[in-house]
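Read through the structure below, which is laid out as structure tokens, and then see the notes.
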Amino acid sequence: MTDVLWAALCGALAAAAALLIGKVVLLRRSAEEIRRQLGEHLETDTNTLLSIPSRDKAMCRLAADLNVQLRRLRGQRQQYQSGNLELKTAVTNISHDLRTPLTAIFGYLELLEGEPQTGEAARYLAVIRDRAEMLSALTEELFRYSVILSGESGGRTEAVALGTVLEESLAAFYTALREAGITPAVRMPPVRVVRSLDRGALARVFSNLLGNAVKYSGGDLEITLTESGVITFSNTAADLGGVEAGRLFDRFYTVEASRQSTGLGLSIARTLVEQMGGTITAQYKGDRLYIQIVFPECQKNG
């Protein structure tokens, strides 16, 4: 009798263990399925919801709660995309609309400058031309930004030596840097660092970073390029704080409104770097601003 009871008990325990193992396996499978589906939902915009093979109440509640959050996230994403598209369209339209009156303004300025003038009138005309040229530059910056965001800039990818493009950009900014009292300290490796990039976009990134240094540097600029494809721009920025450094890549954000800037330069740089598969970050340490660009080794050609 005892043997029979033991056998029955062992059978019941074995059945319970098998049932428990089966439930654990099913729960693990459900958790893995939730993880996989959640990753797909976060990467792509889809109308489908999470579904799991388990009927476990706790897992079903988890899936239901996640579906609620996914619906909210989808709504917020669609709202953001709609607003972003409207902003791009508005920026493009504004830049186009400003070009026509600016062309007329420059035309009449040339006519006025050809007429006899008093010293006072010449001074006023010089101020008008300076402001008009600044407005024209800002308009072009807005237009270029809208084109870059739309992905229509479409440059050709080629094997690019980072140091060569950096040297060309520094040469183009020689006069502006000298007028700002800045003598850049540049360090480059003895070997060519080559990546497969859009040469024009890379030159634009360097140009925007150099322009930022001319406007906001405390009088110095250090640029370092490493063999691993890391480019670092650093300069004294005593008036900048950690919070401001974190916002430098936000579009339309400017450190000083009086500098007549659109606040798009570094935002454009970030967009272009990311489109080329790189990363760009800003840090503020010891009264110095460090902007670092990294182009991964996988970008290297051949």
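What's the number of the only condition in (1) within 21 Å of residue 270 (Cβ to Cβ); (2) in a loop (DSSP other than H, G, I, E, B) that residue 207 fails to meet?
Only one criterion in (1) within 21 Å of residue 270 (Cβ to Cβ); (2) in a loop (DSSP other than H, G, I, E, B) is unmet by residue 207, namely (2).
Being open to solvent by less than 100 Å² (accessible area, probe 1.4 Å), within 23 Å of residue 63 (Cα to Cα) and of a type outside the set (Val, Ile, Thr) is the filter here; which residues of region 1-29 pass it?
Across region 1-29, the qualifying residues are 22, 26, 27.
Pull out all pairs, ordered by first then second residue, where Cβ-Cβ is under 7 Å, the residues are six or more apart or on different chains, the first lies in region 269-291 and is farther than 17 Å from residue 213 by Cβ, and the second is in a strand (DSSP E or B).
Listed pairs, sorted by first residue: 276/197; 276/198; 278/293; 278/294; 279/294.
Name every residue in region 113-139 that is surrounded by 15 or more Cβ atoms within 10 Å (Cβ to Cβ) and either hydroxyl-bearing (Ser, Thr, Tyr) or modelled with pLDDT under 80 (or both), in order of residue number.
Of everything in region 113-139, those that are surrounded by 15 or more Cβ atoms within 10 Å (Cβ to Cβ) and either hydroxyl-bearing (Ser, Thr, Tyr) or modelled with pLDDT under 80 (or both) turn out to be 136, 138, 139.
Which condition number does residue 191 fail, the rest of (1) modelled with pLDDT under 90; (2) surrounded by fewer than 16 Cβ atoms within 10 Å (Cβ to Cβ) being met?
The single condition residue 191 does not satisfy is (1).
Does region 209-230 hold any residues that are under 17 Å from residue 160 (Cβ atoms) and open to solvent by 20 Å² or more (accessible area, probe 1.4 Å), and which are they?
Matches in region 209-230: 226, 227, 228, 230.
What pairs can you find where one residue is in region 219-238 and among the charged types (D, E, K, R), the other is open to solvent by 30 Å² or more (accessible area, probe 1.4 Å), and their Cβ atoms are less than 7 Å apart, with a gap of 6+ or different chains?
220/236; 222/185; 227/191
Going by the structure shown, is residue 292 closer than 22 Å to residue 168 by Cα, modelled with pLDDT of 80 or more and open to solvent by 70 Å² or more (accessible area, probe 1.4 Å)?
Spelling it out, residue 292 is indeed closer than 22 Å to residue 168 by Cα, modelled with pLDDT of 80 or more and open to solvent by 70 Å² or more (accessible area, probe 1.4 Å).
Considering region 90-112 alone, what residues qualify as being open to solvent by 70 Å² or more (accessible area, probe 1.4 Å) and either among the acidic types (Asp, Glu) or in contact with a helix residue (DSSP H, G or I) (Cβ under 7 Å, 6 or more places away or on another chain) (or both)?
Matches in region 90-112: 94, 97, 99, 105, 110, 112.
Condition (residue is in contact (Cβ under 8 Å) with a residue 40 or more places away in the chain, open to solvent by 70 Å² or more (accessible area, probe 1.4 Å) and out of contact with any Lys or Arg (no Cβ under 8 Å at 6 or more places or on another chain)) applied to region 158-179: is it met by at least one residue?
No - not one qualifying residue is present in region 158-179.
Show the residue pairs that are 6+ apart or on different chains and have beta-carbon atoms under 7 Å apart, the first residue being within region 114-136 and of a type outside the set (A, V, I, L, M, F, W, C), the second being open to solvent by less than 60 Å² (accessible area, probe 1.4 Å).
Here the result reads 117/125; 129/109; 136/102, each pair linking region 114-136 to a residue that is open to solvent by less than 60 Å² (accessible area, probe 1.4 Å).
Kindly list the number of the only condition in (1) at pLDDT 85 or above; (2) open to solvent by less than 40 Å² (accessible area, probe 1.4 Å) that fails for residue 248.
(1)
The values are calculated or read from the model by the stated rules, or taken from the named source; none is laboratory data. Bear in mind the structure is a predicted one, so any value in this text is a computation, not a measurement. Virtual Cβ from ideal backbone geometry, glycine too; neighbours counted across all protein chains shown. Accessible surface is based on the protein model in full, side chains and every heavy atom, while ligands, DNA and RNA are left aside. Shrake-Rupley method; radii C 1.70, N 1.55, O 1.52, S 1.80 Å.
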